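Throughout, read-outs are computed from the coordinates displayed, never taken from laboratory work. Worth saying up front: this structure is predicted, and the values here are computed from it rather than measured. All Cβ positions, glycine included, derive from the backbone under ideal geometry; neighbour counts span all protein chains shown.
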Amino acid sequence: MEWDAFLVLQQALILLTIASQIWIAVRIIARSSGAEQYVRLMAFCTGLLAFLVMRPLQLTFADLMLAARGQGSTVDVVLIGGVLPFLVGVLVSEATILALRLGEPVWIRLMLMVAAFTLSQAAYTNFVALSTEGARLDRAFIPNLCYAAAVGLWLTFRYREPASRAPASRAPAAP
């Protein structure tokens, strides 16, 4: 495989997305303590196990992309390689924002599972592209790029830190 500037930029974006998901997961796990920390760590590991279950079923982005490519349908390749990962990225981003705003352990644990699953998907898809002879961008990199772009755009424009409460001295007087 020949590396050019576009491929390096694309891989940097994908690695940044993976690193960001890991950072969020570690930060959430580190904030908790005692049994809650253990449960959150187990939720993250459950996401990795879910990925391992999906591999034999060939439901990873890489497997779906290779299957679509084998059928020769351009529509299938576009849907599986571009649209589906983009929508998954938007869904994961929005669910993560909602879980963080709710602050409830169950939703945060669920999103830790999804984050572990999606970063495993991205890592595996890159592995397939790099380890397959004659791999091209449309075989595995494009789904990850679409996912990374969706996560980046959605979180950048959708997520806002909760507004802090106004000081009591500036509160309007009661009538």
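Tabulated results
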{"quantity": "Options Ser32, Leu112, Gly82, ranked by Cα towards positive dipole end of the range 5-158, top entry (Cβ charges)", "calculated": "Ser32"}
{"quantity": "Packing-based ranking, highest mean first, of 46-58, 19-31, 115-127 given that Cβ atoms within 10 Å are counted", "calculated": "115-127, 19-31, 46-58"}
